[in-house]
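Visitor: I have a structure I would like to understand better, so I am pasting it below and will then ask my questions one at a time.
Rule-based calculations on the coordinates, nothing more; no lab input. Just so it is clear, the structure is predicted and the values come from calculations on it, not from any experiment. Note that each Cβ is placed from the backbone with ideal geometry, even for glycine, and that neighbours are counted across all protein chains shown.
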Amino acid sequence: MIGEPPNPGGLVCKVSGMIVEKSGADILIEALCDLGVEVVFGYPGGAVLPIYDALFQQKRIRHVLVRQEGGAAHAAEGYARSTGKPGVVLVTSGPGATNVVTGLADALMDSIPIVVITGQVATHLIGTDAFQEADTVGITRHCTKHNYLVKDPAKLGDIVHEAFHIATSGRPGPVVIDLPKDVQVATAVYRRPSETTLHKNYKPQVKAETALIEQAVEMLGRAERPILYTGGGVINSGPAASQLLRELARITGAPVTSTLMGLGAFPASSEQWLGMLGMHGTYEANMAMNEADLILNLGARFDDRVTGRLDAFSPRSKRIHVDIDRSSINKTVRADLGLVGDVGRVMEDLIRIWKARSPTQPDLKAWWKKIEGWRDKKSLAFPPSKREIMPQHAIRALWEATRIKKPIITTEVGQHQMWAAQHFDFEQPNKWLTSGGLGTMGYGLPAAIGAQIGNPNALVIDIAGEASILMNIQEMATATQYRLPVKVFILNNEYMGMVRQWQELTYSSRYSESYSEALPDFVALAEAFGWKGLRIENPDALDGGIAEMLAHDGPVMVDCRVAKLANCFPMIPSGAAHTDMILQAEEVSGEMDDEAKALV
Amino acid sequence: MMHIKTELTERHTLSITVANEPGILARIAGMFTARGYNISSLTVADVTEDHAVSRITIVTAGPPGVIEQIIAQLDRLVPVHRVVDLTELGPHVERELALVKVQGTGDHRIEALRLAEVYRARVVDATTSSFVFEVTGGPEKIDKFLELMREVGLVEVARTGVAAIARGKEAV
C-alpha cells in the first residue's frame, strides 16, 4: 500500500482513507510506548486475549508473567517504589480483576503510582452475569485514586495518558482502566494527546503560598524544641526531596524522625537521626515528638500507628503540616499551619527563605541534651543469646554483610517487618519497600521481583516471616522464569509473631490460631522451584549462611530459625500515649480492657 | 463494658460541581458511606448547555472537623470540579418539592384543602376520596406541612431533596 505510514511495532493497522485506524489493543500498546512504559506485570485470560496478541507482535514492551494477579499488583508496586516510575499491570476480567484488589488498596494507602489494565467482557454483555464478568469499576472505585470503563476505542488513547498523569501526579496512587473485549478489537484513530487536551480539572497544587512558607520559617526559627517528622511523601517527591531534607535538617539543626514509609529519605548514619517513630519506634523519637514545641510534618499523615492516643499526642507542640493532599491536613491531628504542596517544592522554598532571613534561632543545646538522655535508654537493645538466633541480631548481621551493596529491602508484614525497620539502616531513598498503610502479608516477594526487574543489578532481599511468605509463595516461579536473583530471608519463628505478641499483651497469651502449623521444608521448597535453599539454625552459622546466600547469583531462600518467642520492642500499645512505651519484654503481661481491645 | 460515643453535629448544605461522567454519583455517595459520613439529602442534575457538568446538592451533618474533612475528601475526587459549603458561605436559598397524597372524606378532606391553601400547595390530582398536593419550600416548611397532613389522612409522600443556591449576584 502506497502512502501508509511506517509501522514500527509491526502492528496490523487498518487504513480508512488517509487516516490509520488501529485496534483498541494496538492503541493501548502504542499509548503505553508513548508514555515510556518498558515493562508490564500480568497474567493472560479470556478478556485480554486481544491485548496479549498485540503484545506478542511487538518488542518494545516486556511482559513479566506472574503466577497470580495479586503478585502482579505488588510487583508493580515494588517496581514503582524502587524506580520512581509507575508500575503497570495487565490482568483479565472477573477473578483477574478481583485478585488485584488487595494490591490496589495497598497502593492507595501507601500512595504508590500504578496503572492497572483489566479486561472486561464485551460491552453488550456487561450486566448480564457473563462468564468471568465482575463489576470492576464498582469494586475498585474506593480502592483506586480514579478508574475508567472505556466503551469507545477512540477515547482509549486519551484515557491511558490521563490515567498515567493521575497515577503519578499530586498524591500518587493506583488507577484502573477497565477495557471491554470488543473495545480491544474495534478500531479507531490514535493520536498522542497534547498536554492541553488532557485533565482540564485535575490540577494538584504543588507549590505552597509564599506567605505560609514565610510563616513556617518564622515558627521554625523561634522553636526551642523542633523536630522534623518525615514520611513517604518525601520519597514520592523524588530523590531531590531527600537531598533537600538533608539540607533543611542541616540549616535548622533539628532532629529528624520518620514514619515506616519514609525510611531512607534521611540517612540513618546522621547524628540528627532519631530513628523511626510510632508504635515500634525508638524511645528518643517518640519522646522527642512528645516534648517538642514544634513539629514540622513533611509528607506524613499522623497515622494512628504514629500518634498513639490522640488526646495525649505531643501536647505542647505547634504543628506545621506539609502535604500534597489537602484532606491529610487536619484529618486526625489539627495543624496550626497547613501547607498544601509537593513536599520537595515546599522544602526548597523553606530553605531559600530561611537562608535569606537567617533567623536567630534559640540555642538547641538543651534540646539535644534531652534527646541524648533518651538515646541513652538504648531502646532497640535486645537480650543477647548464644543458643538461639535473636531475630534482631539476624537483621543486624544481614545489614552488616550487605550495607556496602546498598541493597533494596522488601518485607512482608509483622514482627520481621518492624525488626527490619528498626535494625536495618538506610542511607538512601527508594531502597525500602514495605506495605505500611494496608499491612499486606504476601507483599514482599512479588515486590522484590518488581524491584529486581526495575533494578537488574541491585541486590534485592525480601526480609520475610514464615507465615507471610506463604501468602504469595507461587511467585517463586516468576523469579525462576526470569532468572531474577532475589533473596528471601525468612525469620522463621513458627508463629504469626505479631499476632502472638498481641495475644500475649492483650489476651493473657491465649494463642488463638497464631501457631504456624504444618510448615513446608523451605529448603526443599526452594529446590522444587529451582532456587537455592539454605537453613541457618544457630548463631554461629549466621554470618556464614548470609555469605553463602550472597555468593549465589540466582534466587535464594534462607530459612533462618530464630528465637521462637522473641517479641518486638519498644512498643506503644494500641491506644496508649507516647510516654507509655513498653521497652522490655518483662513488662508484657495479662489482659487489656475492652476499650483497648477495640482498637486496631 | 465499652459503649460507642457520639458527637454533637451541625447541618451543612454543600454544592458540588462535577464532571458529568458515568459512576460519578456512586463515587460521591460511596465516599460518604466508606468514610462513615452522613447524607441527609442528595439531589443531582446536569446544569450546563453541553451536559458536561452536573451540580450535586448534599445536605450533611457532622462535627465541624468532619465537615471540613468531607469537603476535602470530595475535593480530591478527580471528577469533582468544585465544592462550596453554602452554609459557611452565608445566606442561601434552599428549596425542595414534595408530592403528598392524602385520603379522606368529609371534614378531613375540607381541612386538607384549607391547609394546602395556607401552604400554597397546588392540587395536581384529585379523586372523590383523595388529593395529591404539590408543595415547594425549604425542608422545614415541607416537614411542617407533612406533619399537618398526617392528621388529615396522609398516605404517601415523594420528596425531591434539597436544591440550594447562594443569595446575591455572585455565581459560585
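Visitor: Let's test the formula: R0 of 41 Å, r as the Cβ-Cβ distance of residue B:26 and residue A:564. What FRET efficiency results, to the nearest 0.05?
Guide: Between residue B:26 and residue A:564 the formula returns 0.25.
Visitor: Based only on Cα atoms, what Rg/Rh ratio does segment A:321-372 have, Rh being taken as Kirkwood's radius?
Guide: 1.10
Visitor: While we're on this one: At a Förster distance of 60 Å, what's the computed FRET efficiency of residue A:195 paired with residue A:403, Cβ-Cβ distance as r, to 0.05?
Guide: 0.90
Visitor: May I pose another question? Please tell me the relative contact order of segment A:475-547 in percent, rounded to the nearest whole number, where contacts are Cα pairs under 8 Å and at least six residues apart.
Guide: Here the relative contact order equals 23 percent.
Visitor: Could you sort out which of A:487/A:532; A:318/B:5; A:331/A:597; A:151/A:203; A:331/A:431 sit more than 19 Å apart by Cα distance in this structure?
Guide: A:318/B:5; A:331/A:597; A:151/A:203; A:331/A:431
Visitor: Once label points are set 7 Å from the Cα along Cα→Cβ at both residue B:75 and residue B:95, what is their separation, rounded to one decimal in nm?
Guide: Reported label-point gap for residue B:75 and residue B:95 is 3.0 nm.
Visitor: Neighbouring Cβ atoms within 10 Å as the yardstick, rank A:143, A:560 fewest first.
Guide: Placing the least packed residue first, the sequence is A:143, A:560.
Visitor: Compute the normalised compactness of chain B: alpha-carbon radius of gyration over 2.2 N^0.38 Å, N being the residue count.
Guide: 1.24
Visitor: Here's a follow-up. How high is the FRET efficiency from residue A:123 to residue A:553, r the C-beta distance, R0 41 Å, rounded to 0.05?
Guide: My answer for the efficiency is 0.25.
Visitor: Let me ask something else about it. Could you name the lysines in cross-link range of residue A:59, using Cα to Cα under 27 Å and dropping any fewer than eight places away on the same chain?
Guide: A:14, A:22, A:85, A:155, A:181
Visitor: With the crude spin-label approximation of a point 7 Å out along Cα→Cβ, what separation in nm comes out for residue A:60 versus residue A:271?
Guide: 5.3
Visitor: Shifting gears a bit: What's the percent breakdown of Cα-Cα distances in chain A across 20 Å bins, shortest bin first?
Guide: Spelled out per bin, shortest first, that is 20, 50, 27, 3, 0.
Visitor: Report D for segment A:14-197 in µm² per second (integer): Stokes-Einstein, Kirkwood Rh on Cα pairs, 37 °C, 0.692 mPa s.
Guide: Translational diffusion coefficient: 206 µm²/s.
Visitor: Normalised by the residues of segment A:391-568, what does the relative contact order come to in percent, with Cα pairs under 8 Å and at least six apart?
Guide: Relative contact order for segment A:391-568 comes out at 23 percent.
Visitor: Here's something else I'd like to know. Specify the inter-centroid distance of segment A:250-277 and segment B:25-42, based on alpha-carbon positions, in whole Å.
Guide: Each part's Cα centre sits 39 Å from the other's.
Visitor: Evaluate the distance, in nm, between pseudo-label points positioned 7 Å from the Cα of residue A:247 and of residue B:7 along their respective Cα→Cβ axes.
Guide: 3.9
Visitor: Can you compute the label reach from residue A:151? Point 7 Å from Cα along the Cβ direction, backbone N cut-off under 15 Å, restricted to segment A:94-128.
Guide: Label zone hits: A:121-128.
Visitor: Same structure again: Please state the relative contact order of segment B:10-89 as a whole percent: Cα pairs under 8 Å, 6+ residues apart?
Guide: The normalised contact order for segment B:10-89 reaches 47 percent.
Visitor: What lysines could a cross-link reach from residue A:564, if we take a straight Cα to Cα line under 18 Å and drop same-chain neighbours fewer than 8 places away?
Guide: A:386
Visitor: Semi-axes, largest first, in whole Å: what does sqrt of 5 times each Cα gyration tensor eigenvalue give for segment A:405-533?
Guide: Over the Cα atoms of segment A:405-533, the ellipsoid semi-axes are 26, 19, 11 Å.
Visitor: Taking Cα atoms of segment A:187-329, Rg/Rh with Kirkwood Rh, to two decimals?
Guide: Ratio value, two decimals: 1.08.
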